[in-house]
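> First the structure, then my questions, so here it is.
Derivation of every value follows stated rules applied to the coordinates shown; laboratory data play no part. Not measured: the values here are computed from a predicted model. Positions of Cβ are generated from backbone atoms using ideal geometry, with glycine treated the same way; all protein chains shown enter the neighbour counts.
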Amino acid sequence: MRPLVLLTILIAFHCVLRNCFCTSEQDKVLSITAVTQEQVNLLQNISSHNETVLWQPASPSHITANTPVHLYVQSSSLARVTEQLQTHGFLFRVLLENTQRLIQEQTRNDTTDPKSSGTNERYHSLEDIYHFLNKTSEDYPDMTKLILIGSSFEKNPLFVLKLSGRRGPVDKAMWMDCGIHAREWISPAFCLWFIKFALTFYKENPDITTMLDKLDIYILPIMNPDGYKYTWTTNRMWRKNRASRDDSLCVGVDLNRNFDANWCTKGASSNPCSDIYCGQYPESEPEVQAVTKFLRSHKDVVKLYFSIHSYSQMLLFPYSYTHEQIPNHNELYDLVQEASSKIRRHYRNQYRFGSGAKTIYIAPGGSDDWAYDQGIKYSFTFELQDRGQYGFLLPPNLITSACNEAFAAVKTIVLRVLVKLQ
Ligand SMILES: [Zn+2]
């Protein structure tokens, strides 16, 4: 057997064993719109195939007529998938051609060089993020506190960084988590950006100064460290955590379906192989347990909850698990509307807004709904850039603009809520 052939077989075998998803130069992301119910069914079938990954929506069950579906298709399946689409008269186009180059661009500059940690215009590996958090807590001992709230399935630490202004104790706090979903790299990038911005511009920027003087800010930059690490080493398209169980070959629970908020009802899946698998029971996952334990013990002080995701540019609030409106629906609607118009005015970018169920689709077990039902009445989920041009593969040179927009929305809401709480 020729060495090259042998090597190819070995790599393929290694991939099967490690459950990895090998990307290649010819992989593409397609935007496909189903019009008839027959096309919806067919598209659900195609997107359940192993060599495709749904980018939008998160699961085949969420596919509906007349809403564009973003589907990552591996080169080996591209001819078969496009032929099927053409045969059945689908409207579709190529959204992204050069996925492999984009992935390389996102990881090329990674280095454990301490001096470069925390810079804005690139993404950071898990080790880099831990290093940044340790270094920041050493550099700002009077404004930060690093809190270990638990550990992941693979025993990676879950660190919360508490930010406070240089003042006495306050009785209000906000919470922000990033990186629940592994492949949404702009999310942890925003948490790191926010930390740097807050510490650098405290006493210079009036908005962040007000926030730090009136609130303790708890930030969990990476809620799903195992999944995030896996996206750097093995499969860039991974969404869930990396929990394994004895009775299934499939790995991972969707942490944003594992909270105890109408858990595992319509909009989640009890199939461990699904990307929206809800887990064996509510709060079964150590990452979710760590967050809920911390928030339960701080729920008297935490007034605002933010969960940062990507992509699709949306500012959302509860509920996602039901179409029913929350008691203060109009109040939160006004807040996200104002935040969205700030982004439009300052950055000329469109963000849709509204309750999760009405704006995207029904999704139970989410963190923002759970936080809201715990009594945190200002609870939000943001979907950051972009709207599908690059999707999860947002190039590093767009990190800063995505973070500026996200911060504009956070500060608009927080400053308005602070006035209400006075
Ligand atoms: Zn997400």
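> Taking the Cα centre as origin and putting +1 on Lys and Arg beta-carbons and -1 on Asp and Glu beta-carbons, what dipole magnitude results for the stretch 15-100, to the nearest 20 debye?
With only Lys, Arg, Asp and Glu charged at Cβ, the dipole is about 100 debye.
> Now for a different question. Would you be so kind as to identify which of PHE92, SER137, LEU102 lies farthest towards the positive end of the dipole of the stretch 44-191, taking Lys and Arg as +1 and Asp and Glu as -1 on Cβ and the Cα centre as origin?
Positive-most Cα among the choices belongs to SER137.
> Can I ask one more? Using only the Cα atoms of the chain, build the gyration tensor, take square roots of its eigenvalues as a ≥ b ≥ c, and label the shape rounded, prolate or oblate: rounded if a/c is under 1.5, else prolate if a/b is larger than b/c, else oblate.
prolate
> Rounded, prolate or oblate: pick one for the stretch 214-298, where a ≥ b ≥ c are the square roots of the eigenvalues of its C-alpha gyration tensor, a/c under 1.5 means rounded, and failing that, prolate if a/b is larger than b/c, else oblate.
It comes out oblate by the Cα gyration axes.
> Out of PRO206, GLY227, VAL288, whose Cα points farthest toward the positive end of the dipole of the chain (charges: +1 Lys, Arg; -1 Asp, Glu; placed on Cβ)?
The one lying farthest along the dipole's positive direction is PRO206.
> Would you please classify the overall shape of the stretch 362-414 from the alpha carbon gyration tensor, given that a ≥ b ≥ c denote the square roots of the eigenvalues, rounded means a/c under 1.5, and beyond that prolate means a/b larger than b/c while oblate covers the rest?
oblate
> Using 0.36 nm per residue of separation minus the Cα-Cα distance, give me the extension gain between ASN98 and ASP207 in nm, one decimal.
Taking 0.36 nm per residue and subtracting the Cα distance, the gain is 35.3 nm.
> Further question on the same structure: Using each residue's phi in the stretch 60-67, evaluate 6.51 cos²θ - 1.76 cosθ + 1.60 at θ = phi - 60° and report the 3J(HN,Hα) Karplus result to the nearest Hz, with x for Gly and Pro.
x, 5, 8, 5, 10, 5, 6, 10
> Between LYS214, LYS358, LYS293, which gets the highest mean-square fluctuation from a Gaussian network model of the chain, Cα cutoff 10 Å?
LYS293
> Follow-up question, since we're still on this one. Please give the helix 399-421 orientation as an angle from the longest Cα principal axis of the chain, in degrees from 0 to 90, rounded to the nearest 10.
Once rounded, the angle reads 40 degrees.
> Which ³J(HN,Hα) values, rounded to whole Hz and listed in residue order, are derived for the stretch 134-140 from phi using the Karplus coefficients 6.51, -1.76 and 1.60 in 6.51 cos²θ - 1.76 cosθ + 1.60 with θ = phi - 60°, glycine and proline given as x?
4, 5, 4, 5, 6, 6, 10
> Add +1 for every Lys or Arg and -1 for every Asp or Glu among the other residues with Cβ under 12 Å from the Cβ of ARG352, and state the total.
Around ARG352, the surrounding residues sum to +2.
> Note the angle between two axes, namely the Cα long axis of helix 286-297 and the longest principal axis of the Cα atoms of the chain, as a number of degrees from 0 to 90, rounded to the nearest 10.
20
> State which entries of LYS214/LYS299; LYS203/LYS342; LYS155/LYS240; LYS196/LYS293; LYS342/LYS377 exceed 19 angstrom in Cα-Cα distance in the structure shown.
Violating the 19 Å Cα-Cα cut-off are LYS203/LYS342; LYS196/LYS293; LYS342/LYS377.
> Also, quick follow-up: Given charges of +1 on the Cβ of Lys and Arg and -1 on the Cβ of Asp and Glu, with all other atoms neutral, how large is the dipole of the chain about its Cα centre, in debye to the nearest 20?
Dipole magnitude for the chain comes out near 580 debye.
> Could you order the peptides 386-395, 347-356 from most to least packed, using the average number of other C-beta atoms within 10 Å per residue?
Packing order, densest peptide first, comes out as 386-395, 347-356.
> Along the charge dipole of the stretch 136-253, which of GLY165, LEU192, TYR218 sits closest to the positive end, that is, farthest toward it, with unit charges on the beta carbon of Lys, Arg, Asp and Glu (+1, +1, -1, -1)?
LEU192
> Further question: ILE147: net charge of surrounding residues, Cβ under 14 Å, Lys/Arg +1, Asp/Glu -1, itself excluded?
That works out to +1.
> In terms of modelled amide H atoms, which long-range or inter-chain residues lie less than 5 Å from the amide H of LYS299?
The answer is none.
> Something else now. Can you give the helix-only mean residue ellipticity at 222 nm for the chain, where every DSSP H stretch with n ≥ 4 adds -39500 (n - 2.57) and the sum goes over all residues, rounded to the nearest 500 deg cm²/dmol?
Roughly -12000 deg cm²/dmol at 222 nm, from the helical runs in the chain.
> With angles folded into 0 to 90 degrees, how steeply does helix 3-18 sit against the dominant principal axis of the chain? Use alpha carbons for both and round to 10.
50
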